[in-house]
Amino acid sequence: MLDIISPKTDFNVVKFKKRADKYIKDILKRGKLPIICGGTGFWIQAIVDDITYPEVKPNWELRAKLERESLEKLLEKLKKLDPERAKTVDTKNKIRIIRAIEICKTLGKVPSMNRGPRTKNYDFLQIGVKREKEILHERIKLNVINRFKEGMIAEVEKLHANGLSWKKIMSFGLSYKLIPMYLRGEISSEEELLEKIYLAEKNYAKRQMTWFKRNSHIKWLANYKDIEREVEKFVRSPEK
């Protein structure tokens, strides 16, 4: 599922799950083992726990209005509309908060996520790669430097030249939020841009770890051989 959607297309977790389910079924039908890697915890959970989300159409007028408000004000709005959802939403993710408010405005509140029957049909082995914080931060910085060398600024320039507005590009988050600021002169140098992207991704990784650590089913392993053994045991289990 790499390079499957145009950046101009509105894509969400509901559409993602439908596609992922289709590919998983196809892989299994061919007698192969699906391996799901990467992505945000929210989207991975949709597949693993077979969660059905409310299919509420985007309200672009409401979104545009809410975009102008601060995170603090948006959270206050959500707390008044749906205190329970306000407790679980990613408080640093403006897009998620706006989406929750949008659903509340349509349905009254964010419905409980419905888990489907998949847990009876599929077994999942969930592995998290364990890294010391210092090593993780070094890897994040190296990743940002390498992406710089591969042309991440040129990529954003190309997206803009192909018709994507700065607002749309910035909605992708992290580096896509910061590079347009550099190209418009709001960030003075590439060195400053690189540092800001590194800090943004380091903070995002921290939030990801907080999310994943709530999942007691994840086995956190640091050694590749241990991961290999765990996978082999899982695949050879008589229950499979």
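Observations on the structure shown:
- Meets criteria (out of contact with any His (no Cβ under 6 Å at 6 or more places or on another chain), hydrophobic (A, V, I, L, M, F, W, C) and over 30 Å from LEU66 (Cα atoms)) for LEU142: yes
- Number of the exception - SER216 against (1) of a type in the set (Ser, Thr, Tyr); (2) more than 16 Å from ILE127 (Cβ to Cβ); (3) modelled with pLDDT under 95: (2)
- Helices (runs of 4 or more DSSP H) contained in the range 9-79 and holding at least 2 residues closer than 22 Å to PHE234 by Cα and at pLDDT 90 or above: 13-29
- Within the range 36-52, residues that are within 14 Å of PHE212 (Cα to Cα) reach partners that are polar (S, T, N, Q) with beta carbons closer than 8 Å, at six or more positions or on different chains, in the pairs THR40/GLN208; GLY41/GLN208; GLY41/ASN215; GLN45/ASN215; VAL48/GLN126; ASP49/THR119.
- Test: residue in the range 182-189 that is surrounded by 11 or more Cβ atoms within 10 Å (Cβ to Cβ) and under 27 Å from ASP10 (Cα atoms): yes
- Total residues in the range 136-163, condition of a type outside the set (S, T, N, Q) and over 19 Å from ILE197 (Cβ atoms): 2
- Candidates LEU136, LEU75, LEU81, LEU71, filtered to the one that is outside the structural domain of LYS168 (by TED's automatic domain parsing) and out of contact with any Ser or Thr (no Cβ under 8 Å at 6 or more places or on another chain): LEU81
Results for (1) out of contact with any strand residue (DSSP E or B) (no Cβ under 7 Å at 6 or more places or on another chain); (2) surrounded by 14 or more Cβ atoms within 10 Å (Cβ to Cβ); (3) assigned by TED's automatic domain parsing to the domain that holds ALA46, shown as yes or no for each residue.
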| site | (1), (2), (3) |
| --- | --- |
| GLU201 | yes, yes, no |
| TYR204 | yes, yes, no |
| TRP220 | no, no, no |
| LYS233 | yes, no, no |
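- Residue that is farthest from the chain's Cα centre (by Cα) [pool: residues in the range 182-240 that are within 30 Å of THR88 (Cβ to Cβ) and of a type in the set (Asp, Glu)]: GLU230
The values are calculated or read from the model by the stated rules, or taken from the named source; none is laboratory data. Everything quoted here is computed from the prediction, not taken from an experiment. Every residue, glycine as well, gets a Cβ built from its backbone with ideal geometry; the counts of neighbours run over all protein chains shown.
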